[in-house]
Amino acid sequence: MTHTPGSGRVEQAARIAATPWYRQLYVQVLVAIVIGIVLGWQWPDLATDMEPIGTTFITVMKMLIGPIVFLTIIGGIAGVADLKKVGRTGVKALAYFQVGTLVALLTGLVAINLVRLGDGVHADPSTLKASGDAGQYISQGEHQHWWEFLTGIVPNSFFGPFVEGNILQVIFLAVIFGIAIKMVGKTGEPIIAALGRLTEVVFKVVSFIMKAAPLGAFGAMSYAIGKFGLSTLTSLGSLIVLFYVTSALFVVLVLGALLGLYVRLNIFQLFRYFKEEFWLILGTSTAEPALPGLMRKLQFMGAERSTVGLVVPTGYSFNLDGAAIYLSLATLYIAQATDTSLSVGQQLGLLAVMLLTSKGAAGVAGGGFIALTATLSTVGSVPAAGIMLIFGIDKFMSECRALVNFFGNAVATLVVAKWENGLDLERARSVLAGKAEEPPLTAEAEAEAAGPAVASPAVRTAEVAP
(Lines give C-alpha, C1' and ligand atoms only; values in the text may rest on other atoms or scores of the structure.)
Protein backbone atom coordinates (compact mmCIF):
# COMPACT_ATOMS: atom_id res chain seq x y z
CA MET A 1 0.00 0.00 0.00
CA THR A 2 1.44 3.35 -1.01
CA HIS A 3 1.28 6.41 1.17
CA THR A 4 0.78 9.61 -0.79
CA PRO A 5 2.58 12.52 0.87
CA GLY A 6 0.12 14.90 2.42
CA SER A 7 -2.92 12.65 1.84
CA GLY A 8 -2.90 11.40 5.43
CA ARG A 9 -2.71 14.95 6.71
CA VAL A 10 -5.70 16.03 4.65
CA GLU A 11 -7.68 13.04 5.89
CA GLN A 12 -6.63 13.82 9.46
CA ALA A 13 -7.72 17.46 9.16
CA ALA A 14 -11.08 16.31 7.79
CA ARG A 15 -11.51 13.92 10.73
CA ILE A 16 -10.73 16.68 13.23
CA ALA A 17 -13.13 19.13 11.59
CA ALA A 18 -15.88 16.48 11.52
CA THR A 19 -15.48 15.54 15.21
CA PRO A 20 -18.69 16.38 17.11
CA TRP A 21 -18.22 18.94 19.89
CA TYR A 22 -19.16 16.44 22.59
CA ARG A 23 -16.32 14.14 21.52
CA GLN A 24 -13.66 16.82 21.78
CA LEU A 25 -11.42 16.18 24.74
CA TYR A 26 -11.41 19.68 26.22
CA VAL A 27 -15.25 19.71 26.26
CA GLN A 28 -15.30 16.37 28.07
CA VAL A 29 -12.72 17.59 30.59
CA LEU A 30 -14.69 20.80 31.22
CA VAL A 31 -17.90 18.85 31.82
CA ALA A 32 -16.02 16.50 34.15
CA ILE A 33 -14.68 19.46 36.17
CA VAL A 34 -18.19 20.90 36.60
CA ILE A 35 -19.58 17.53 37.69
CA GLY A 36 -16.69 17.14 40.15
CA ILE A 37 -17.34 20.56 41.70
CA VAL A 38 -21.05 19.81 42.11
CA LEU A 39 -20.34 16.40 43.64
CA GLY A 40 -17.79 17.83 46.08
CA TRP A 41 -20.15 20.62 47.08
CA GLN A 42 -23.30 18.55 47.57
CA TRP A 43 -21.90 15.15 48.59
CA PRO A 44 -18.43 15.75 50.09
CA ASP A 45 -18.09 12.28 51.66
CA LEU A 46 -18.75 10.58 48.35
CA ALA A 47 -16.52 13.07 46.54
CA THR A 48 -13.49 12.35 48.72
CA ASP A 49 -13.80 8.69 47.73
CA MET A 50 -13.12 9.76 44.15
CA GLU A 51 -9.51 10.60 45.03
CA PRO A 52 -8.03 7.33 43.62
CA ILE A 53 -9.50 8.12 40.20
CA GLY A 54 -7.65 11.42 39.97
CA THR A 55 -4.41 10.29 41.58
CA THR A 56 -4.21 7.16 39.41
CA PHE A 57 -4.51 9.18 36.20
CA ILE A 58 -1.84 11.65 37.35
CA THR A 59 0.43 8.82 38.51
CA VAL A 60 0.17 7.07 35.16
CA MET A 61 1.00 10.29 33.32
CA LYS A 62 3.95 10.99 35.62
CA MET A 63 5.16 7.45 34.93
CA LEU A 64 5.63 8.45 31.29
CA ILE A 65 7.16 11.88 31.85
CA GLY A 66 10.66 10.48 32.48
CA PRO A 67 10.75 8.43 29.24
CA ILE A 68 9.18 11.30 27.26
CA VAL A 69 11.75 13.81 28.52
CA PHE A 70 14.63 11.37 27.94
CA LEU A 71 13.59 10.46 24.40
CA THR A 72 12.65 13.96 23.25
CA ILE A 73 15.84 15.57 24.51
CA ILE A 74 17.95 12.91 22.78
CA GLY A 75 15.82 13.38 19.68
CA GLY A 76 16.29 17.13 19.86
CA ILE A 77 20.07 16.80 20.09
CA ALA A 78 20.20 14.15 17.37
CA GLY A 79 18.10 16.33 15.08
CA VAL A 80 20.67 19.15 15.11
CA ALA A 81 23.38 19.00 12.47
CA ASP A 82 25.92 20.93 14.55
CA LEU A 83 26.47 20.19 18.25
CA LYS A 84 27.49 23.82 18.71
CA LYS A 85 23.86 24.72 18.04
CA VAL A 86 22.77 22.38 20.84
CA GLY A 87 25.06 24.17 23.26
CA ARG A 88 23.99 27.58 21.97
CA THR A 89 20.31 26.72 22.28
CA GLY A 90 20.83 25.29 25.77
CA VAL A 91 22.72 28.34 26.99
CA LYS A 92 20.09 30.71 25.59
CA ALA A 93 17.29 28.66 27.16
CA LEU A 94 18.93 28.57 30.60
CA ALA A 95 19.66 32.31 30.42
CA TYR A 96 16.03 32.99 29.56
CA PHE A 97 14.85 30.69 32.36
CA GLN A 98 16.89 32.54 34.98
CA VAL A 99 15.74 35.96 33.84
CA GLY A 100 12.14 34.77 33.63
CA THR A 101 12.30 33.26 37.11
CA LEU A 102 13.77 36.48 38.51
CA VAL A 103 11.02 38.60 36.95
CA ALA A 104 8.34 36.21 38.27
CA LEU A 105 9.86 36.32 41.77
CA LEU A 106 9.93 40.13 41.66
CA THR A 107 6.31 40.17 40.50
CA GLY A 108 5.19 38.20 43.55
CA LEU A 109 7.37 40.28 45.83
CA VAL A 110 5.95 43.57 44.58
CA ALA A 111 2.36 42.29 44.78
CA ILE A 112 2.55 41.20 48.43
CA ASN A 113 4.34 44.41 49.41
CA LEU A 114 1.65 46.52 47.79
CA VAL A 115 -1.24 44.47 49.20
CA ARG A 116 -0.01 43.51 52.66
CA LEU A 117 -2.47 40.73 53.38
CA GLY A 118 -0.43 39.26 56.25
CA ASP A 119 -0.56 42.39 58.38
CA GLY A 120 -2.92 41.98 61.31
CA VAL A 121 -2.80 38.16 61.42
CA HIS A 122 -0.26 38.16 64.29
CA ALA A 123 0.30 34.40 64.16
CA ASP A 124 2.52 32.90 66.87
CA PRO A 125 4.97 30.46 65.19
CA SER A 126 5.27 28.44 68.40
CA THR A 127 1.59 27.51 68.19
CA LEU A 128 1.74 26.33 64.57
CA LYS A 129 1.96 22.56 64.58
CA ALA A 130 3.03 20.80 61.42
CA SER A 131 1.35 17.47 60.80
CA GLY A 132 0.65 15.01 57.99
CA ASP A 133 1.99 15.90 54.57
CA ALA A 134 2.87 19.42 55.70
CA GLY A 135 5.16 18.05 58.42
CA GLN A 136 6.86 15.79 55.89
CA TYR A 137 7.42 18.68 53.46
CA ILE A 138 8.82 20.88 56.23
CA SER A 139 11.20 18.10 57.27
CA GLN A 140 12.40 17.64 53.68
CA GLY A 141 12.77 21.36 53.14
CA GLU A 142 14.71 21.93 56.34
CA HIS A 143 17.26 19.33 55.27
CA GLN A 144 17.54 20.69 51.73
CA HIS A 145 20.28 23.20 50.99
CA TRP A 146 20.27 25.80 48.25
CA TRP A 147 23.12 24.07 46.39
CA GLU A 148 21.59 20.57 46.37
CA PHE A 149 19.96 20.97 42.96
CA LEU A 150 23.51 21.21 41.54
CA THR A 151 25.00 18.23 43.38
CA GLY A 152 21.79 16.21 43.12
CA ILE A 153 21.61 16.43 39.34
CA VAL A 154 23.99 13.44 38.98
CA PRO A 155 22.11 10.16 39.62
CA ASN A 156 23.44 7.19 41.56
CA SER A 157 22.33 4.80 38.82
CA PHE A 158 20.96 4.96 35.31
CA PHE A 159 17.46 3.76 36.14
CA GLY A 160 17.20 5.57 39.48
CA PRO A 161 15.89 8.89 38.05
CA PHE A 162 13.14 7.09 36.13
CA VAL A 163 12.06 5.14 39.20
CA GLU A 164 12.17 8.16 41.51
CA GLY A 165 10.74 10.59 38.96
CA ASN A 166 13.69 12.99 39.28
CA ILE A 167 13.36 15.00 36.07
CA LEU A 168 16.56 17.00 36.60
CA GLN A 169 18.57 13.78 36.65
CA VAL A 170 16.69 12.46 33.60
CA ILE A 171 17.63 15.65 31.74
CA PHE A 172 21.28 15.18 32.74
CA LEU A 173 21.32 11.59 31.42
CA ALA A 174 19.52 12.58 28.21
CA VAL A 175 21.96 15.38 27.41
CA ILE A 176 24.99 13.14 28.02
CA PHE A 177 23.57 10.30 25.93
CA GLY A 178 22.35 12.62 23.17
CA ILE A 179 25.76 14.24 22.75
CA ALA A 180 27.53 10.88 22.87
CA ILE A 181 25.25 9.34 20.23
CA LYS A 182 25.75 12.36 18.02
CA MET A 183 29.53 12.27 18.37
CA VAL A 184 29.94 8.61 17.36
CA GLY A 185 28.59 9.44 13.92
CA LYS A 186 27.28 6.59 11.77
CA THR A 187 27.58 4.13 14.64
CA GLY A 188 24.85 6.01 16.47
CA GLU A 189 22.44 6.25 13.53
CA PRO A 190 20.74 2.87 14.21
CA ILE A 191 20.31 3.91 17.86
CA ILE A 192 18.75 7.22 16.80
CA ALA A 193 16.34 5.38 14.49
CA ALA A 194 15.44 2.91 17.27
CA LEU A 195 14.84 5.73 19.73
CA GLY A 196 12.64 7.44 17.14
CA ARG A 197 10.47 4.33 16.88
CA LEU A 198 10.40 3.98 20.66
CA THR A 199 9.27 7.61 20.91
CA GLU A 200 6.39 6.84 18.59
CA VAL A 201 5.38 3.90 20.79
CA VAL A 202 5.52 6.01 23.97
CA PHE A 203 3.31 8.68 22.45
CA LYS A 204 0.89 6.01 21.28
CA VAL A 205 0.65 4.93 24.94
CA VAL A 206 0.03 8.58 25.86
CA SER A 207 -2.83 8.71 23.35
CA PHE A 208 -4.43 5.73 25.09
CA ILE A 209 -4.10 7.28 28.53
CA MET A 210 -5.40 10.67 27.43
CA LYS A 211 -8.76 9.10 26.71
CA ALA A 212 -9.14 8.83 30.49
CA ALA A 213 -8.36 12.52 31.06
CA PRO A 214 -11.99 13.45 31.84
CA LEU A 215 -12.09 10.78 34.54
CA GLY A 216 -8.82 12.05 35.99
CA ALA A 217 -10.10 15.63 36.08
CA PHE A 218 -13.37 14.52 37.66
CA GLY A 219 -11.63 12.54 40.40
CA ALA A 220 -9.13 15.29 41.22
CA MET A 221 -11.69 18.10 41.34
CA SER A 222 -14.26 16.04 43.31
CA TYR A 223 -11.68 15.22 45.95
CA ALA A 224 -10.39 18.80 46.22
CA ILE A 225 -13.84 20.31 46.78
CA GLY A 226 -15.07 17.44 48.96
CA LYS A 227 -11.96 17.39 51.14
CA PHE A 228 -11.35 21.09 51.65
CA GLY A 229 -14.80 22.47 50.89
CA LEU A 230 -15.78 25.69 49.23
CA SER A 231 -15.58 27.35 52.66
CA THR A 232 -11.81 26.92 52.57
CA LEU A 233 -11.72 29.42 49.75
CA THR A 234 -13.25 32.11 51.94
CA SER A 235 -10.89 31.78 54.94
CA LEU A 236 -7.85 32.88 52.95
CA GLY A 237 -9.73 33.91 49.85
CA SER A 238 -7.96 37.25 49.60
CA LEU A 239 -4.57 35.53 49.31
CA ILE A 240 -5.92 33.19 46.63
CA VAL A 241 -7.37 36.13 44.69
CA LEU A 242 -4.10 38.07 44.96
CA PHE A 243 -2.14 35.10 43.65
CA TYR A 244 -4.51 34.55 40.72
CA VAL A 245 -4.62 38.25 39.82
CA THR A 246 -0.83 38.59 40.09
CA SER A 247 -0.32 35.48 37.96
CA ALA A 248 -2.81 36.67 35.33
CA LEU A 249 -1.13 40.07 35.12
CA PHE A 250 2.27 38.40 34.79
CA VAL A 251 1.11 36.17 31.94
CA VAL A 252 -0.80 38.87 30.05
CA LEU A 253 1.47 41.87 30.64
CA VAL A 254 4.95 40.35 30.99
CA LEU A 255 4.77 37.21 28.87
CA GLY A 256 2.25 38.80 26.53
CA ALA A 257 4.47 41.83 25.96
CA LEU A 258 7.52 39.65 25.33
CA LEU A 259 5.60 37.45 22.91
CA GLY A 260 4.10 40.44 21.11
CA LEU A 261 7.15 42.69 20.92
CA TYR A 262 9.83 40.09 20.19
CA VAL A 263 8.09 37.11 18.59
CA ARG A 264 5.25 39.20 17.09
CA LEU A 265 2.51 36.79 18.21
CA ASN A 266 -0.67 37.38 20.21
CA ILE A 267 -0.87 35.92 23.72
CA PHE A 268 -4.68 35.69 23.61
CA GLN A 269 -4.54 33.66 20.41
CA LEU A 270 -2.04 31.41 22.19
CA PHE A 271 -4.56 30.91 25.02
CA ARG A 272 -7.18 29.80 22.52
CA TYR A 273 -4.73 27.49 20.77
CA PHE A 274 -3.93 25.68 24.00
CA LYS A 275 -7.52 25.51 25.29
CA GLU A 276 -7.46 21.70 25.58
CA GLU A 277 -4.34 21.79 27.73
CA PHE A 278 -5.79 24.66 29.80
CA TRP A 279 -8.82 22.68 30.91
CA LEU A 280 -6.76 19.54 31.45
CA ILE A 281 -4.35 21.37 33.77
CA LEU A 282 -7.21 23.10 35.57
CA GLY A 283 -8.85 19.76 36.26
CA THR A 284 -5.78 17.81 37.36
CA SER A 285 -3.81 20.64 39.05
CA THR A 286 -0.60 19.57 37.35
CA ALA A 287 1.08 20.44 34.04
CA GLU A 288 2.55 16.99 33.39
CA PRO A 289 -0.42 15.59 31.41
CA ALA A 290 -0.21 18.60 29.07
CA LEU A 291 3.47 18.08 28.20
CA PRO A 292 2.91 15.93 25.07
CA GLY A 293 0.27 18.32 23.73
CA LEU A 294 2.50 21.34 24.34
CA MET A 295 5.41 19.84 22.41
CA ARG A 296 3.25 18.64 19.55
CA LYS A 297 1.42 21.94 19.11
CA LEU A 298 4.58 24.06 19.29
CA GLN A 299 6.11 21.99 16.50
CA PHE A 300 2.85 22.23 14.56
CA MET A 301 3.13 26.04 14.84
CA GLY A 302 6.48 25.97 13.11
CA ALA A 303 9.03 25.76 15.93
CA GLU A 304 11.97 23.48 15.10
CA ARG A 305 11.76 19.99 16.55
CA SER A 306 15.25 20.23 17.97
CA THR A 307 14.44 23.45 19.82
CA VAL A 308 11.17 22.13 21.21
CA GLY A 309 12.82 18.84 22.18
CA LEU A 310 15.47 20.70 24.19
CA VAL A 311 13.62 23.69 25.65
CA VAL A 312 10.27 22.26 26.74
CA PRO A 313 11.50 19.29 28.85
CA THR A 314 14.21 21.44 30.44
CA GLY A 315 11.73 24.22 31.09
CA TYR A 316 9.48 21.85 33.01
CA SER A 317 12.21 21.78 35.67
CA PHE A 318 13.99 25.10 35.26
CA ASN A 319 11.31 27.51 34.06
CA LEU A 320 8.56 27.52 36.68
CA ASP A 321 7.14 31.05 36.58
CA GLY A 322 4.00 30.13 38.51
CA ALA A 323 5.98 28.44 41.26
CA ALA A 324 8.29 31.47 41.46
CA ILE A 325 5.39 33.90 41.93
CA TYR A 326 3.91 31.61 44.58
CA LEU A 327 7.26 31.26 46.35
CA SER A 328 7.94 34.97 46.79
CA LEU A 329 4.32 35.85 47.56
CA ALA A 330 3.93 33.05 50.14
CA THR A 331 7.27 33.81 51.82
CA LEU A 332 6.44 37.48 52.34
CA TYR A 333 2.88 36.64 53.44
CA ILE A 334 4.24 34.31 56.14
CA ALA A 335 6.72 36.96 57.23
CA GLN A 336 3.94 39.55 57.52
CA ALA A 337 1.57 37.13 59.26
CA THR A 338 4.20 36.18 61.88
CA ASP A 339 5.21 39.83 62.42
CA THR A 340 8.68 39.19 60.94
CA SER A 341 10.11 42.45 59.68
CA LEU A 342 12.22 42.19 56.51
CA SER A 343 14.16 45.09 55.05
CA VAL A 344 14.46 45.68 51.32
CA GLY A 345 17.98 44.24 51.45
CA GLN A 346 16.73 41.09 53.21
CA GLN A 347 13.95 40.67 50.65
CA LEU A 348 16.45 40.95 47.81
CA GLY A 349 18.58 38.36 49.62
CA LEU A 350 15.52 36.11 49.67
CA LEU A 351 15.27 36.48 45.89
CA ALA A 352 18.85 35.28 45.47
CA VAL A 353 18.10 32.19 47.55
CA MET A 354 14.79 31.55 45.76
CA LEU A 355 16.51 31.55 42.37
CA LEU A 356 18.22 28.35 43.52
CA THR A 357 15.68 26.73 45.86
CA SER A 358 12.93 27.11 43.24
CA LYS A 359 14.91 24.64 41.09
CA GLY A 360 15.73 22.26 43.92
CA ALA A 361 12.41 20.45 44.26
CA ALA A 362 11.31 20.43 40.64
CA GLY A 363 9.27 17.35 39.78
CA VAL A 364 9.05 16.22 43.41
CA ALA A 365 5.74 15.66 45.18
CA GLY A 366 5.03 18.68 47.35
CA GLY A 367 7.81 20.51 45.53
CA GLY A 368 6.29 23.93 46.15
CA PHE A 369 6.24 23.44 49.90
CA ILE A 370 9.68 21.83 49.95
CA ALA A 371 11.14 24.78 48.04
CA LEU A 372 9.30 27.22 50.33
CA THR A 373 10.60 25.51 53.47
CA ALA A 374 14.11 25.28 52.03
CA THR A 375 14.03 29.02 51.40
CA LEU A 376 12.82 29.85 54.90
CA SER A 377 15.30 27.45 56.50
CA THR A 378 18.21 28.86 54.49
CA VAL A 379 17.41 32.46 55.38
CA GLY A 380 16.46 31.64 58.97
CA SER A 381 14.61 34.88 59.72
CA VAL A 382 11.13 33.63 58.75
CA PRO A 383 9.76 30.61 60.72
CA ALA A 384 9.35 27.54 58.51
CA ALA A 385 6.33 26.40 60.53
CA GLY A 386 4.52 29.39 59.09
CA ILE A 387 3.70 27.39 55.97
CA MET A 388 0.86 25.86 58.01
CA LEU A 389 -0.92 29.19 57.57
CA ILE A 390 -1.36 28.52 53.86
CA PHE A 391 -1.31 24.71 53.71
CA GLY A 392 -5.11 24.44 53.59
CA ILE A 393 -5.48 26.55 50.45
CA ASP A 394 -2.46 25.25 48.56
CA LYS A 395 -4.60 22.86 46.54
CA PHE A 396 -6.60 25.78 45.17
CA MET A 397 -3.40 27.61 44.20
CA SER A 398 -1.74 24.64 42.50
CA GLU A 399 -3.93 24.94 39.40
CA CYS A 400 -2.79 28.51 38.86
CA ARG A 401 0.88 27.59 39.42
CA ALA A 402 0.63 24.81 36.84
CA LEU A 403 -1.13 27.02 34.28
CA VAL A 404 1.44 29.82 34.59
CA ASN A 405 4.27 27.27 34.39
CA PHE A 406 2.70 25.84 31.24
CA PHE A 407 2.23 29.13 29.40
CA GLY A 408 5.63 30.32 30.61
CA ASN A 409 7.24 27.34 28.90
CA ALA A 410 5.18 27.83 25.74
CA VAL A 411 6.36 31.45 25.47
CA ALA A 412 9.93 30.50 26.41
CA THR A 413 10.12 27.94 23.59
CA LEU A 414 8.77 30.40 21.03
CA VAL A 415 11.22 33.09 22.20
CA VAL A 416 14.23 30.74 22.04
CA ALA A 417 13.07 29.39 18.66
CA LYS A 418 12.84 32.93 17.29
CA TRP A 419 16.20 33.75 18.89
CA GLU A 420 17.74 30.76 17.09
CA ASN A 421 15.99 31.54 13.77
CA GLY A 422 14.13 28.28 14.21
CA LEU A 423 10.54 29.56 14.07
CA ASP A 424 8.38 29.76 10.95
CA LEU A 425 6.63 32.97 11.96
CA GLU A 426 4.25 33.00 9.01
CA ARG A 427 3.21 29.46 9.84
CA ALA A 428 2.77 30.34 13.54
CA ARG A 429 0.52 33.30 12.75
CA SER A 430 -1.56 31.19 10.40
CA VAL A 431 -2.05 28.48 13.03
CA LEU A 432 -2.92 30.94 15.82
CA ALA A 433 -5.37 32.75 13.55
CA GLY A 434 -7.19 29.45 13.01
CA LYS A 435 -6.31 29.18 9.33
CA ALA A 436 -4.69 25.77 9.84
CA GLU A 437 -6.32 22.84 11.61
CA GLU A 438 -5.03 22.25 15.12
CA PRO A 439 -3.44 18.84 15.79
CA PRO A 440 -5.41 16.59 18.12
CA LEU A 441 -4.42 16.41 21.77
CA THR A 442 -3.79 12.68 21.41
CA ALA A 443 -1.08 11.18 19.23
CA GLU A 444 -3.29 8.57 17.56
CA ALA A 445 -4.44 10.53 14.51
CA GLU A 446 -1.05 12.07 13.84
CA ALA A 447 0.66 8.67 13.96
CA GLU A 448 -1.74 7.44 11.29
CA ALA A 449 -1.19 10.53 9.14
CA ALA A 450 2.59 10.35 9.42
CA GLY A 451 2.79 7.02 7.63
CA PRO A 452 5.17 4.14 8.30
CA ALA A 453 8.44 6.01 7.85
CA VAL A 454 10.31 7.36 10.83
CA ALA A 455 10.96 10.96 9.88
CA SER A 456 12.87 11.95 12.99
CA PRO A 457 13.85 10.61 16.42
CA ALA A 458 12.12 13.63 17.89
CA VAL A 459 8.42 13.69 18.75
CA ARG A 460 6.20 13.05 15.76
CA THR A 461 4.08 15.99 14.80
CA ALA A 462 1.32 16.78 12.38
CA GLU A 463 3.28 18.85 9.90
CA VAL A 464 1.27 20.88 7.44
CA ALA A 465 3.03 22.98 4.87
CA PRO A 466 2.29 26.69 5.20
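The values are calculated or read from the model by the stated rules, or taken from the named source; none is laboratory data. Computed from a predicted model, the values in this text were never measured in an experiment. Don't worry about glycine lacking a Cβ; one is built from the backbone with ideal geometry, like all the others, and counts go over all protein chains shown. Accessible surface is based on the protein model in full, side chains and every heavy atom, while ligands, DNA and RNA are left aside. Shrake-Rupley method; radii C 1.70, N 1.55, O 1.52, S 1.80 Å.
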- Note on the structure: SASA check, VAL91, accessible area w/ 1.4 Å probe, all protein chains in place, rounded to nearest 10 Å², comes out at 100
- Return the tail of the calculated pair distribution for region 238-301, meaning the percent of Cα-Cα pairs more than 13 Å apart. 71
- Query: Rank GLU164, GLU304, GLU189 by accessible area, highest first, at a 1.4 Å probe radius?
  - Reply: GLU164, GLU189, GLU304
- Using 1/(1 + (r/R0)^6) with R0 = 30 angstrom and r between the beta carbons of PHE268 and ASN156, what's the FRET efficiency to the nearest 0.05? 0.05
- Message: If I model a spin label at LYS211 and SER238 as a point 7 Å from the Cα along the Cα→Cβ vector, what separation in nanometres do I get?
- Response: 5.0
- Would you compute the Debye intensity of region 165-296 from its alpha-carbon atoms alone, equal scatterers and no solvent, and pass along log10 I(q)/I(0) at q = 0.17, 0.21 Å⁻¹ to two decimals? -1.17, -1.26
- Note on the structure: Taking only the alpha carbons of region 239-368, the radius of gyration and the largest Cα-Cα distance, Dmax, both in angstrom, are 16.7, 51
- Message: If DNA, RNA and ligands are ignored and the probe is 1.4 Å, what is the ranking of SER398, SER238 by accessible area, most exposed first?
- Response: SER238, SER398
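Can you give the extra length, in nm with one decimal, that the chain gains between VAL99 and GLU189 once fully stretched, where that is 0.36 nm per residue apart less the Cα-Cα distance?
Details: separation 90, 0.36 × 90 = 32.40 nm, distance 3.66 nm.
Here the segment from VAL99 to GLU189 would lengthen by 28.7 nm.
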- Under-5 Å amide H pairs with ASP339, H placed in peptide plane, nonlocal only: HIS122, ALA123
- Task: Run down the lysines and flag those whose C-alpha is under 29 Å from the C-alpha of LYS62, throwing out any fewer than 8 positions away in its chain.
- Result: LYS92, LYS182, LYS204, LYS211, LYS227, LYS275, LYS297, LYS359, LYS395
- Item | Computed FRET value (nearest 0.05) for ASP119 with ARG88, which takes r as the C-beta separation and R₀ as 35 Å | 0.15
